[in-house]
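Chemist: First the structure, then my questions, so here it is.
The values are calculated or read from the model by the stated rules, or taken from the named source; none is laboratory data. These figures come from a predicted structure and were not determined experimentally. Glycine also receives a Cβ, built like all others from the backbone with ideal geometry; neighbour counts cover every protein chain displayed.
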Amino acid sequence: MLQRIDLTGGRARPPELATLLERAASITGADDAVAPILTAVREHGAAAVLDAGERFDGVRPAALRVPADVLSVSLQGLDPALRGALTEMIERVRKTHQAQLPQPAETHLTPGGTVTQRWIPVRRVGLYVPGGLAVYPSSVVMNVVPAQVAGVDEIVVCSPPQAGNGGWPDPAVLAACALLGVSEVYAAGGAQAIALLGYGSSADSTGSTDNAADADSIAAVDVITGPGNAYVTAAKRALRGTVAIDSEAGPTEIAVLADDSADPRLIAADLISQAEHSPDAASVLITDSAQLADAVLDALPDLVAATTHAERVRQALSGQQSAVVLTADLDAAVALTNEYAAEHLEIQTRHAGRIAQRIRNAGAIFLGPYSPVSLGDYCAGSNHVLPTAGGARYSSGLNTTTFLKSVQVIDYSAAALAAVAPSVVVLADAEDLPAHGAAVTARFDQAVDGEAADGEATGGAGR
Ligand SMILES: NC(=O)c1ccc[n+]([C@@H]2O[C@H](COP(=O)([O-])OP(=O)(O)OC[C@H]3O[C@@H](n4cnc5c(N)ncnc54)[C@H](O)[C@@H]3O)[C@@H](O)[C@H]2O)c1
Ligand SMILES: N[C@H](CO)Cc1c[nH]c[nH+]1
Ligand SMILES: [Zn+2]
């Protein structure tokens, strides 16, 4: 069911390594499919979102915006055990994300010369919560809590309309929104939801005249975050530049880096756990132990047959994106792991913490047998919105700073500027931009002796 790639014969090296494990074709193939959806929403706004929902989700809700009473009824109907688990999850996620809040950095470069980096929350954000093959109240928490901790003014959530809930998003998703105090929620999924968030929609384009909430225009957001399938991810990629995005957090991936000390049963369970998300999910074992590789391959068929979503899991495990890779030694396994840049990386080796120090590329790293990816999906306190398809080479998982911008504040006194002016002039002349230098020297053209001294005495303008 899972391809076995044996690299023990010769040492595959980057970039050869990178081509060994190709991501699913769906992941790169969605760009063409989403382009007309994005155009339709940009031109026709909410009406096009409702049309696309009808086409892809098989239902047209009474309105795009979820009414306040639907949100509160969903919270009232929330199963108490699920409410308790969500509450515990929210507490843990809030604690870790509060600890991520960066402090202003003030650097005194010279007497009277200071640069301070401040962090400012973006004003309005759009958070995507998936709802196709599975529904994701946990992703409400993973999106909303960091935005709240960052101090964002306006939080908007989109999640696909569900035929089984009268066209509104999944009731547990709505309940999680209500639990967190989010009231602007739209029944929109896929690329059309991302376009709605990125472009907004004017009041006359809703395609619905009988609902006051829909009669309002929907303002575009500054940042879009959240996980989703290949269509959602392609749409985020296309909108990058119009808005900021977190990362391309697409179809789930797990890589397990293991040696012969690992338990094959646990590895098989973890590979299946992420394959359960969708047929294009990737499950990869990278090991230097032939015995472990074979034991995992032996354990899988019975476990897959017994799992609820067996067909989806079987498709994911037998796709080109999934494999057991046998390497000549642990060094080669670490090199391949870094090339692959998995969304989730489990390290199931002796001295896992030490091996982790050698990992540059992974969305999140899970150490040892008691830190499985499923823990991180829900209750570790870490965020589960993570870069996929190799994006971990250059992107971070969703965190508090995703919703913050930094700005540098420059504050020099006359004396501090005068002291560095000759260097500014030399650099400006070297770039043949003498007006730059002149803008500095102009401040000292008239008799400025007293002024410079005053400036030094009082500090810069801001102090
Ligand atoms: N990387 C992460 O951080 C992370 C976290 C959680 C979930 N995920 C991933 O999110 C994904 C969730 O996928 P899902 O499908 O269940 O929900 P989804 O909400 O991402 O996608 C459903 C939407 O896809 C659109 N769609 C379906 N078929 C389409 C088509 N042929 N053309 C255009 N649009 C179409 C529909 O509009 C529908 O609303 C999974 O792949 C899961 O692995 C990733
Ligand atoms: N594994 C997913 C992140 O890629 C997150 C998730 C949510 N629910 C279950 N799993
Ligand atoms: Zn998961």
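Chemist: For Ala341, state whether it is more than 25 Å from Arg265 (Cβ to Cβ), aliphatic (A, V, I, L, M) and in the same structural domain as Leu297 (by TED's automatic domain parsing).
Modeler: Judged against the criteria, Ala341 is a match.
Chemist: If you take the residues of segment 373-387 that are farther than 17 Å from Ala281 by Cα and part of a loop (DSSP other than H, G, I, E, B), which of them is farthest from ligand 2 (Cβ to nearest atom)?
Modeler: Among those residues, the one meeting the criterion is Gly381.
Chemist: Could I ask something else about it? Of the residues that make up segment 342-360, is at least one on the phi < 0 side of the Ramachandran plot, within 16 Å of ligand 2 (Cβ to nearest atom), surrounded by fewer than 23 Cβ atoms within 10 Å (Cβ to Cβ) and modelled with pLDDT of 95 or more?
Modeler: Within segment 342-360, none of the residues are on the phi < 0 side of the Ramachandran plot, within 16 Å of ligand 2 (Cβ to nearest atom), surrounded by fewer than 23 Cβ atoms within 10 Å (Cβ to Cβ) and modelled with pLDDT of 95 or more.
Chemist: Picking from Leu317, Leu345, which residue would you name as being under 22 Å from Ser261 (Cα atoms) and within 16 Å of ligand 3 (Cβ to nearest atom)?
Modeler: Working: Leu317 fails: under 22 Å from Ser261 (Cα atoms).
The conditions single out Leu345.
Chemist: Condition test on Ala281, is it closer than 23 Å to Ala389 by Cα and surrounded by fewer than 19 Cβ atoms within 10 Å (Cβ to Cβ)? Don't jump to the end; show me each part of the working.
Modeler: On the way: closer than 23 Å to Ala389 by Cα: yes; surrounded by fewer than 19 Cβ atoms within 10 Å (Cβ to Cβ): no.
Against the criterion (closer than 23 Å to Ala389 by Cα and surrounded by fewer than 19 Cβ atoms within 10 Å (Cβ to Cβ)), Ala281 does not qualify.
Chemist: Shifting gears a bit: Among the listed residues Phe444, Phe366, Phe403, identify the single one that is in contact (Cβ under 8 Å) with a residue 12 or more places away in the chain, within 16 Å of ligand 3 (Cβ to nearest atom) and aromatic (Phe, Trp, Tyr).
Modeler: Phe366
Chemist: Scan segment 341-360 residue by residue and report those that are within 15 Å of ligand 1 (Cβ to nearest atom) and in a loop (DSSP other than H, G, I, E, B).
Modeler: Ala341, Ala342, Glu343 - these are the residues of segment 341-360 that are within 15 Å of ligand 1 (Cβ to nearest atom) and in a loop (DSSP other than H, G, I, E, B).
Chemist: I'm trying to understand the selection: among the residues of segment 361-384, which are within 15 Å of ligand 1 (Cβ to nearest atom) and aromatic (Phe, Trp, Tyr)?
Modeler: Phe366, Tyr378
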